[in-house]
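See structure below.
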Amino acid sequence: MVHVGIGYDVHALVAGRKLILGGVEIPHTKGLDGHSDADALMHAICDAVLGALGEEDIGHFFPNTDPRWKGAPSKVFLAEAARQVAKRKGKIVNVDATVIAQQPKIYPHIDGMKKRIAAALGVSEKQIGVKATTNEKMGFVGREEGIAAMAVASVDLPL
Ligand code: MG
């Protein structure tokens with residue numbers, strides 16, 4: 001039976017951090033702040049996959065108080081979500097995600113993001129959708145104070 005999950009994440013943009021989204025380092029004047037590499041896109045996808053399993057969220061599996069995850073590449077979180085799917089003899093059907101960022105331009109990096117997300121989840125790039133939009137200069141995203149991401153995942157699980 002196919003189960004669907006949803007995920008959302010946001011991190012603040014600050015000076016002195018690398019900007020990592022979908023596992024891609026994007027040249028920019030600011031980066032996302034957080035305990036791990038703060039990859040909001042991978043975090044949203046992780047929560048979508050965990051949500052499809054009816055599991056608790058990424059913060060439950062990887063508390064931001066745990067020094068093991070300090071500066072951790074978020075692909076390890078996706079790999080764990082995929083492991084949870086495999087543990088239930090399930091299969092990820094597809095993932096679709098949207099990055100909401102006023103700056104920088106995300107589009108040139110989308111293919112790279114799809115590759116890295118697919119590799120971390122152990123699926124084909126054809127199963128991964130990544131899109132991007134600005135926030136039309138409105139709100140915290142529009143003021144370039146942060147970047148948000150939302151995702152859905154469908155997972156086929158045995159009855
Ligand atoms: Mg996060």
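Points to keep in mind about this one:
- Note on surface exposure: His109, His60, His3 rank His60, His3, His109 by accessible area, highest first, 1.4 Å probe.
- Rolling a 1.4 Å probe over the protein heavy atoms of the chain, with every protein chain left in place, gives an accessible area that is 55 percent carbon and sulfur.
- Probe 1.4 Å, protein heavy atoms only - accessible area per residue of the range 2-156 in square angstrom: 50
- Restricting the GluC sites (Glu not before Pro) of the range 8-116 to loop positions (DSSP other than H, G, I, E, B) with no more than 14 neighbouring Cβ atoms within 10 Å leaves Glu56.
- Rounded to the nearest 500, the 222 nm mean residue ellipticity of the chain from helices alone is -8000 deg cm²/dmol, with -39,500 (n - 2.57) taken per DSSP H run of at least 4 residues.
- Exceeding the 18 Å Cα-Cα cut-off - candidates Lys75/Lys115; Lys30/Lys105; Lys105/Lys131; Lys30/Lys115: Lys30/Lys115
- Additional length obtainable on full extension of the chain from Val93 to Ala119, 0.36 nm per residue less Cα span: 7.9 nm
- Prolate/oblate/rounded label for the range 2-156 (Cα gyration tensor, a/c 1.5): prolate
- Simple spin-label estimate for Thr134 and Ala12 gives 2.4 nm between the two label positions (7 Å along the Cα-to-Cβ direction from each Cα).
- Summarising the label geometry, the points placed 7 Å from Cα in the beta-carbon direction at Thr65 and Glu145 lie 2.7 nm from one another.
The values are calculated or read from the model by the stated rules, or taken from the named source; none is laboratory data. Just so you know, these numbers come straight off a predicted model, no measurement behind them. Please note: Cβ atoms are built from the backbone with ideal geometry, for glycine as well, and neighbour counts cover all protein chains shown. To get the accessible areas, we keep the full protein, side chains included, count just its heavy atoms, and leave off ligands, DNA and RNA. Shrake-Rupley method; radii C 1.70, N 1.55, O 1.52, S 1.80 Å.
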